[in-house]
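The next block holds one structure in the form of structure tokens; read it before the comments.
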Amino acid sequence: MDRAGYLYWPFQQHITIVALFLTCCFSRICGSEAPIMPAPSPTSKGIVYIVLAVDTEPLHVSGTGKRLELDLSNFLPDTSKIVARVMSPEWRADFTDSFSGHPKFTWFVLTSEQICHAADCLAIFDAMQNFRNDVRQADDEIGWHYHHTDWQECVSAGKTDSSWIQLVSFDGTTYADGADVELCENVMNQLIADRGFFPVSFRAGWIWENNEFSRWLENVIPFDLSSSPPLKTLSNDSTRCRANESDWSRAPITLVPYHPDSADYQSRGNMKRLVSRSLIKNLTVNEFRVLSALADSGYDAILSIPIHSYSNLRFAFGQKLETIIAHLNRNGTSFKFATCAEAFQPFVGRVPSEPLKLELHQKDGGIVIKANVETFSTQPYVVLRSSKGMLKRAIPRKTEKRTWVLDLAGLDAVEIYVAGSTLAGESVVQSIVVTPR
């Protein structure tokens, strides 16, 4: 070891010890009795996975009253438009990671009751189809961004009015257009049945979650980038016209995913789904040092950068990437551009070695569902299409390992759609036409 390396070595060890000490402190602050984080690699340094997380929303929403108009011009396949500009391979080639890779985007596509009334529930999902070839070629990912909202009477500036408000319940509470859980499942049902899409990655609208919603996600989506500590903007006033309210004040602040507790979405626990922090502000120089020290100690991390699609994506991401790359290179930290699902892979443990397949057949008054490998959720997500074209979720019962049955007795169902996913970050949608009994 040369003199410079000899002088630097104790400083590097000091930073590593400090980083691990801070990690332990953060875990204590979060009130978690679960393990702090996955074991570090005993033979190599960790990798920082950089996720460019785009909350994919309209350029503008206009109008008054319940029915609004959407400006979706940012999704036009025109190189002067916001989304198209960052699809450019030439622009992405300006940024290179430690493995010679270039930026990947995860496009968290917005759905909400408000969008359902303004246009079509899947209007933004469909608008992103203008870039389906670009997404495929760049190895980007499509995720889900759900805004929990409905039209409701509320109080603003001391006056009672009706407005689109943020919902902060997920327990069956009924609002103007239906119960809170049904409003959410309505759009998921359409994504599965009408588009054959079942997301594995999620970011919550207004980054709002609560314990009931977390338990719902546990049986639907494995990967979640909603956590944003130390943010807390949640109000106890149930009459106000809510928007942008959330609480992540107790969530882990390290950039390492955690399994939530079923009784507290902000604490580490034993749920299967994984939640990781997205940055609501830039890291400081010292925070970069701590991040690099964790990587030096063998820990992987996820650096998620969220930006809305109505922003100047090329400029905003470009500035942030230049800063991040400079800091990580200066600290000698390996980093890799990844989609949301890819970034979570080092933290999921053992995953199926073969692609997920779902086999459906009708037998003895029911639909038998078989999976060839272990699925993420305890049961697949099943959607019924009625004779009137209505979609509704149904819960199958488990009969044996990787096998479920949906009893058809009393159900009006002409077609059934079954969706499943694995911790490997893949998903499958299969359907079967119901034979009249």
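The values are calculated or read from the model by the stated rules, or taken from the named source; none is laboratory data. On a predicted model such as this, the values are computed, not experimentally measured, just so you know. Reconstructed Cβ throughout: ideal geometry from the backbone, glycine too, with neighbour counts over all protein chains shown.
What single numbered condition from (1) out of contact with any Gly (no Cβ under 8 Å at 6 or more places or on another chain); (2) farther than 30 Å from Asn286 by Cβ; (3) among the hydroxyl-bearing types (Ser, Thr, Tyr) fails to hold for Ser427?
All conditions are met except number (1).
Condition first: of a type in the set (Gly, Ala, Ser) and without any contact (Cβ under 8 Å) to a residue 40 or more places away in the chain. Can you find one or more residues in the range 406-414 that meet it?
So far as the range 406-414 goes, yes, one or more of its residues are of a type in the set (Gly, Ala, Ser) and without any contact (Cβ under 8 Å) to a residue 40 or more places away in the chain.
Which residue out of Arg242, Arg277 is under 29 Å from Met128 (Cβ atoms) and either assigned to a loop (DSSP other than H, G, I, E, B) or among the β-branched types (Val, Ile, Thr) (or both)?
Arg242
For Leu231, are the conditions met, namely being on the phi < 0 side of the Ramachandran plot, among the hydrophobic types (A, V, I, L, M, F, W, C) and crowded, with 20+ Cβ neighbours inside 10 Å?
Here the answer is no, as Leu231 does not meet what is asked.
Which residues, counting only those in the range 76-108, are assigned to a helix (DSSP H, G or I) and within 21 Å of the chain's Cα centre (by Cα)?
Val83, Val86
Return yes or no: is Ser73 surrounded by fewer than 18 Cβ atoms within 10 Å (Cβ to Cβ) and in contact with a Lys or Arg (Cβ under 9 Å, 6 or more places away or on another chain)? Step through it out loud before you land on a result.
On the way: surrounded by fewer than 18 Cβ atoms within 10 Å (Cβ to Cβ): yes; in contact with a Lys or Arg (Cβ under 9 Å, 6 or more places away or on another chain): yes.
Yes; evaluated as a whole, the condition is true for this residue.
Does any residue in the range 364-380 that is closer than 19 Å to Glu415 by Cβ and free of Cβ contacts under 8 Å to residues at least 40 places away in the same chain come within less than 7 Å, Cβ to Cβ, of a residue that is of a type in the set (Asp, Glu) and in a strand (DSSP E or B) six or more places away or on a different chain, and which pairs are these?
Short answer, once both residue conditions are applied: Lys370/Glu359.
Would you pick out the residues in the range 143-171 that are of a type in the set (Val, Ile, Thr) and buried (at least 17 other Cβ atoms within 10 Å of the Cβ)?
Result: Thr149, Ile165, Val168.
Does Pro222 meet the test of being buried (at least 16 other Cβ atoms within 10 Å of the Cβ), in contact (Cβ under 8 Å) with a residue 24 or more places away in the chain and more than 22 Å from Ala118 (Cβ to Cβ)?
yes
For the range 289-379, which fully contained strands (runs of 3 or more DSSP E) count at least 2 residues that are within 25 Å of the chain's Cα centre (by Cα)?
Fully inside the range 289-379 and qualifying: 301-308, 335-337.
Out of all the residues in the range 250-270, which are of a type in the set (Gly, Ala, Ser) and surrounded by 15 or more Cβ atoms within 10 Å (Cβ to Cβ)?
If the condition is that a residue be of a type in the set (Gly, Ala, Ser) and surrounded by 15 or more Cβ atoms within 10 Å (Cβ to Cβ), then Ala251, Ser267, Gly269 are the ones that fit.
Would you mind finding the one in Phe202, Phe213 that is assigned to a helix (DSSP H, G or I), under 18 Å from Met271 (Cβ atoms), modelled with pLDDT of 95 or more and aromatic (Phe, Trp, Tyr)?
Checking each option against the conditions leaves just Phe213.
Give the residues of the range 137-151 that are of a type in the set (D, E, K, R) and more than 16 Å from Leu52 (Cα to Cα), sorted by residue number.
So in the range 137-151, the residues of a type in the set (D, E, K, R) come out as 139-141, 150.
Residue satisfying the conditions is Asp150 alone.
Search the range 389-405 for residues being under 19 Å from Val187 (Cβ atoms) and either touching a residue at least 12 places away in the same chain (Cβ under 8 Å) or basic (Lys, Arg) (or both), and hand back the single one that is surrounded by the fewest Cβ atoms within 10 Å (Cβ to Cβ).
Checked the range 389-405; the qualifying residue surrounded by the fewest Cβ atoms within 10 Å (Cβ to Cβ) is Ile395.
Would you point out which residue out of Asn244, Asn270 is within 30 Å of Ser44 (Cα to Cα) and either at pLDDT 95 or above or assigned by TED's automatic domain parsing to the domain that holds Ile221 (or both)?
Asn270
I need every pair where a residue in the range 172-195 that is of a type in the set (Asp, Glu) has its Cβ under 8 Å from the Cβ of a residue that is in a helix (DSSP H, G or I), sequence separation at least 6 or different chains.
Here the result reads Asp177/Glu113; Asp177/Leu183, each pair linking the range 172-195 to a residue that is in a helix (DSSP H, G or I).
For the range 45-69, which positions are assigned to a loop (DSSP other than H, G, I, E, B) and either at pLDDT below 80 or more than 30 Å from Gly318 (Cβ to Cβ) (or both)?
Taking the range 45-69 as the starting set, the residues that turn out to be assigned to a loop (DSSP other than H, G, I, E, B) are 45-47, 57-59, 63-68.
Scanning the range 45-69 gives Gly63, Thr64, Gly65, Lys66, Arg67, Leu68.
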